[in-house]
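Structure, as structure tokens:
What follows draws every value from the coordinates through simple rules; no lab data is involved. These figures come from a predicted structure and were not determined experimentally. Here the Cβ positions follow ideal geometry from the backbone for every residue, glycine too, while neighbour counts run over all protein chains shown.
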Amino acid sequence: MIGKDAIRSLKASKSKALFYCLTFYLTSTLMFLFFNMAESATQGKAEIFVTNNMVDLTKYILNGNMGNIMMVFVVVMCSIDIVFTNDFYVRTKAKELAIRLISGATYTQLLKYLLIQTFLMLVVAIPLGVLSGLALIPLINHILIQQGSDFIITIQSFAIVEYISITLFLVFWTTVLNASFAYKNGAVLMLSDNMKTGANKEKLMGFYSSSFTQILAKIFWIFVALLPIIFSNNGTGGIAVFVIAGCVGLDHVLKEILLPLFSTFTRKRKMHKPVVAYANGFLRQDILVSGITFYLLIADVVVLIAMMFTRNDTPLEKMLVWVSFIFIVILQSMAIMFRLETDLSSRKREFQILDQTGFEEKQIRKVMNREITLFYGFVLFITLFYLSAVYIALIRAGLFTVMNAVVITGVLVMALLGVYILTLSFYRNSFVKKAAL
Amino acid sequence: MGEIVLEARHLKKIYNANSLNAYEALHDINIQVEKGEFIGVMGPSGSGKSTFINNISTIDTPTEGKVFINGKNVLAMSANDIGHFRYQNLGFIFQDFNLLDTHTIYENIALPLSLAGVDPAEIETRVKEMAQKMDMTDQLYKLPSECSGGQRQRTAIARALINNPSIIIADEPTGNLDSQNSEELLELFQKLNREDGVTVVMVTHDAFIASYTSRLIFIRDGNITSEIQKGDMDEDEYFQKIVAISSSRKRRSRIS
């Protein structure tokens, strides 16, 4: 009975299930390729663990143990993506879970209901991802040979086992946590939409405060946020560490300075333009709820680029980092999209209110377009802002060309453009027709 | 007879029309509302109260019939014109407040003014004045989730009144409020109605709340079954009459 209901529920939310499968498909492809590279006993790890000349601490970390660091890094990033995707899917099922709870479902039944759905999707996504990975290996090997590599990637059966174990482990535990959350908080919370948007909503600073102590704190956080830029001329080694610190500073700068100023600006200058004023309000919420995902994108991109250019890589190592970079940028962009869509999926009522108050349908479309365009534009701008610090550092060190910057920026723009189109389509299809009366 | 601000003629609402599940929720409703009236709409659950109020106020479109608000046939308007018409003429208040959870109290109150393209400085002045009237000044830059139920309903009222609408449409506005906040809200409606001449159409199922109105319409199974005018009756007498009619209706519905 639970199995039949789970399959019916899966069919009823095809588009969300498709997004879910797509993420797992891409994650599977990346992790399969990555583990094959790293696990290729002689061609992979042996080459990666070659000791290099150490210039500074970061280079030591990056060069001395690059295989391990990369392994941990890629696994962590993919895990975060898996968690966000699973979280998105389960939270959009809040109402269904609430009805089951009201009808007397036990924790085990709830868990079984969710696990059947998530594992059915994995059964589709993982084999497809592995097949794509298998198809890509000859292509990568061809490029490696052209680059003069002495080593090529060989298929490692252990790579599949490693990937599947990690994925199953993560999906299982994320689902368990979500089911526990649902069970603990009960039906009322889930029916009130809080399950979808996250129980702990960020508190909004709707105005700019300018008391003396707060100004001091703001100056401090601006300094921390600018650390990567300020220290970009001190060589490339420390840039990754500074960028991570910069993200912490950025979080404070956004919440305590930029968003309150943005609210004040909208209130004082843009209230007579309803599309702008209310799109800005939605945008503020999007930035608040999605912050963590784009900080991760910034950190990923900067760390991977620092890895790419701070040492004399062999072709296989370069390939490893490039493959990781491209997939991580895609996956992290999707994580941003999933986090955002989790919040957007509870906006139906908000658009109905706008419609009831007198917004025209075309104005509602404009609000959505503006909100999503500005959101991804902001993510791109802020990522490029920090990336520019790395570009400057690498150019000064003579390790970087304009072409490198163009390719890296291009990958980033394409990934964000892809999720921008997907988000906008999800947003419009979900709400405009339903919101309009 | 005073000026008619709202009129419905032969209003019919059929859900799922042209299908096997077609359901007629309103049958040939006719009503006239004069300027400055405080109308209550009562009826049991599922009687068609909300359908009625939604169909006479542009929120929903009737299947048949005509609706005139301030002399204009709203059903002949385009979707865009209805939008403009709403924020210029009508103020809506709902049981669940219908606030934008992602926007501040200020932005919620300012919504109709923003749609009307009012200058930001004037919006600020009017929102602050309204917030002061509603005792919401300290909450202006908070999100609705940071406010109490009473504060949220006051925000919804502030939003409904900010553009000085000629008609207020309220669907169970006290449904989520405690008795003190409910009484405050009804006194406010009465004040607006008596002092500013605002017309109020309010759905309720509570006889005490209905006693604040000047005319009460009873709906059952999609028909207007009876009406009471407060006229010269005092509040207690009016309340007793409402209770008598609603309890007899309840008994009747139990028998049937």
Rounded to a whole number, the mean other protein chain Cβ count within 10 angstrom for residues of B:142-150 is 2
Could you pull out which residues in segment B:154-193 have an amide N less than 19 Å from a spot 7 Å beyond the Cα of B:Glu235, following the Cα-Cβ vector?
B:173-175, B:177-193
Any idea how far apart B:Val243 and A:Lys14 come out in nm if each label point goes 7 Å out from Cα toward Cβ?
5.8
Take each of the peptides A:406-415, A:265-274, average the number of other beta-carbon atoms within 10 Å over its residues, and list them starting from the highest.
A:265-274, A:406-415
With unit charges on the beta carbons (Lys and Arg positive, Asp and Glu negative) and the dipole taken about the Cα centre of segment A:201-437, which residue among A:Val390, A:Gln285, A:Met308 sits farthest to the positive side?
A:Gln285
Per-residue mean of C-beta atoms belonging to partner chains within 10 Å, peptide A:282-291:
2
For the protein assembly as shown, give the magnitude of the charge dipole about the Cα centre (Cβ charges: +1 Lys/Arg, -1 Asp/Glu; no others), in debye to the nearest 20.
960
Just subtract the alpha-carbon distance of A:Phe265 and A:Thr154 from 0.36 nm times their residue separation and send over the number in nm, one decimal.
34.2 nm
Protection proxy ranking of A:10-21, B:97-108, B:139-150 - average other beta-carbon atoms within 10 Å, highest first
B:97-108, B:139-150, A:10-21
Taking only C-alpha pairs under 8 Å that are 6+ residues apart, what is the relative contact order of segment A:201-437 in percent?
27
How high is the FRET efficiency between B:Gln32 and A:Ile7 when r is their beta carbon distance and R₀ equals 56 Å, given to the nearest 0.05?
0.55
Checked segment A:201-437 with the C-alpha gyration tensor, a ≥ b ≥ c its square-rooted eigenvalues, rounded below a/c of 1.5, otherwise prolate if a/b is larger than b/c and oblate if not; verdict oblate
Taking the simple approach of a point 7 Å from Cα along Cα-to-Cβ for both A:Val123 and A:Val407, what is their distance in nm?
4.2
Tell me, what ³J(HN,Hα) does each residue in segment A:406-418 have, in order and in whole Hz, if you take phi through Karplus 6.51 cos²θ - 1.76 cosθ + 1.60 with θ = phi - 60° and put x for Gly and Pro?
5, 5, 4, 4, x, 4, 4, 5, 5, 5, 5, 4, x
Between segment B:164-181 and segment A:245-316, what's the alpha-carbon centroid distance in Å?
40
